[in-house]
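The values are calculated or read from the model by the stated rules, or taken from the named source; none is laboratory data. In this text, all values refer to a predicted model and were calculated from it rather than measured experimentally. Every residue, glycine as well, gets a Cβ built from its backbone with ideal geometry; the counts of neighbours run over all protein chains shown.
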Amino acid sequence: MTELLKKASEFFIYVCGFLLFASVFLISTEVVLRKFFLISFGGTDEISGYILGICTSWSLAYVLFSKMHIRIDILYTKVSKKIQHLLDVIAMLFTLMFVSLLTYSASNVFYTSIIRNSTANTPLGTPLWIPQSIWFLGFVFFLIVLLMLLFLSIKSLIQNRDNGYSNVNKDEICI
């Protein structure tokens, strides 16, 4: 299951990269058209804002798998593997608390947009539930990955195995 989630996070990171490049192309085209031809698409900033929010939420799981979240390694590298596993579990528990609140808040924003039939106050008038649903699902995916890795880290800590979440190997579970 972990390998499937890791592959899915890699897939989503490529989709996010494509979306970011498309956003840059759209913005660049808009700037050139405005400068030389006085033509504007309208809504380019809105679309790029949606893309940024969506890419942020969907990239968090990949960042967790790739061990790129902010950590302080000065103490971490000087302690035993068992203590490293314990520190990983503690860090993931705090991350889980934060991400749970974040996902709950995102669900409230998404739900409110559906109930109120909210649209963007822009020329596009985008129904807000569309970008917010994709954004919210990114947080849900991250929460699922976090729960799975937390479970495996606790299991590794209890069994006192040396292949837990703290190893640096790319094929291992790591933070």
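Things worth noting here:
- Boolean, ILE47 is under 30 Å from PRO123 (Cα atoms), more than 18 Å from the chain's Cα centre (by Cα) and among the aliphatic types (A, V, I, L, M): yes
- Apart from one condition, LYS67 fits all of (1) modelled with pLDDT of 90 or more; (2) at positive phi; the exception is (1).
- Residues of segment 21-59 classified as in contact with a helix residue (DSSP H, G or I) (Cβ under 6 Å, 6 or more places away or on another chain), touching a residue at least 40 places away in the same chain (Cβ under 8 Å) and not β-branched (Val, Ile, Thr), total: 5
- Here the condition is being outside any loop (DSSP other than H, G, I, E, B), under 24 Å from VAL145 (Cβ atoms) and among the aliphatic types (A, V, I, L, M); of MET92, MET68, it holds for MET92 alone.
- Residue match in segment 95-108 (condition: outside any loop (DSSP other than H, G, I, E, B), at pLDDT below 95 and farther than 20 Å from GLU3 by Cα): yes
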